[in-house]
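Following: one structure in structure tokens, then a few remarks.
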Amino acid sequence: MRTHPERAAAVLTEIAEGLRRHRRGYALQLAATLGWTSLPVLRLIRARTLVIAGTDDPIIPTANATILGRGLPDARVHHHPGGHLAIVTEARELAGVAAEFLGAP
């Protein structure tokens, strides 16, 4: 992402436009994240889970993906060289990872 800042700019512009239209909802979403942790209940999640983490993500450390991968009973962790918005800006590259995960037994 840092090597293609124009991709991030385009996504962030779109997000900003949405936030202007839905300020109350965004504020409530932010408030809901304060103090929340899923760690105590991760073992209860039985669904196969794909955790995707960017190694160039300045917002969420890759250690978070490792913690999720260890806490979820049936998780696969995939590290990619992108950043926080790669699931949007590099969707084509990550689609193969998701398709492989979904197609696995």
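The values are calculated or read from the model by the stated rules, or taken from the named source; none is laboratory data. The model shown is predicted, which means the values in this text are computed figures rather than measured ones. Methodologically, a virtual Cβ is constructed for each residue, glycine included, from the backbone with ideal geometry; neighbour enumeration extends over all protein chains shown. Note: accessible area is taken over every heavy atom of the protein model, side chains too, but ligands, DNA and RNA are not part of it. Shrake-Rupley method; radii C 1.70, N 1.55, O 1.52, S 1.80 Å.
Screening segment 52-61 for residues that are surrounded by 14 or more Cβ atoms within 10 Å (Cβ to Cβ) and over 19 Å from Gly103 (Cβ atoms) and picking the one that is farthest from the chain's Cα centre (by Cα) gives Asp56.
Of all the residues that make up segment 74-93, how many are part of a helix (DSSP H, G or I) and either under 13 Å from the mean Cα position of the chain (by Cα) or without any contact (Cβ under 8 Å) to a residue 12 or more places away in the chain (or both)?
Number of matching residues: 6.
Residues in segment 76-96 that are closer than 23 Å to Ile15 by Cβ and among the small types (Gly, Ala, Ser) were compared, and the one that is modelled with the highest pLDDT is Ala95.
Of the residues Pro58, Pro73, Pro105, which single one is over 22 Å from Ala8 (Cα atoms) and modelled with pLDDT under 95? Outline the logic, then answer.
Values: Pro58 fails: over 22 Å from Ala8 (Cα atoms); Pro73 fails: modelled with pLDDT under 95.
Step by step, each of Pro58, Pro73, Pro105 is checked, and only Pro105 is over 22 Å from Ala8 (Cα atoms) and modelled with pLDDT under 95.
Being of a type in the set (Ser, Thr, Tyr) and open to solvent by less than 60 Å² (accessible area, probe 1.4 Å), is that true of even one residue in segment 16-26? Among the residues of segment 16-26, not one is of a type in the set (Ser, Thr, Tyr) and open to solvent by less than 60 Å² (accessible area, probe 1.4 Å), which makes the answer no. If I ask for residues that are open to solvent by 70 Å² or more (accessible area, probe 1.4 Å) and farther than 27 Å from Glu6 by Cα, which ones from segment 75-105 would you list? Of everything in segment 75-105, those that are open to solvent by 70 Å² or more (accessible area, probe 1.4 Å) and farther than 27 Å from Glu6 by Cα turn out to be Arg76, Glu100, Leu102, Pro105. Of all residues in segment 1-11, those being modelled with pLDDT under 75 and either aromatic (Phe, Trp, Tyr) or open to solvent by 90 Å² or more (accessible area, probe 1.4 Å) (or both) number 2. When the residues of segment 27-51 are narrowed to those that are among the polar types (S, T, N, Q) and at pLDDT 80 or above, which ends up most open to solvent (accessible area, probe 1.4 Å)? Looking at residues that are among the polar types (S, T, N, Q) and at pLDDT 80 or above, I get Thr37.
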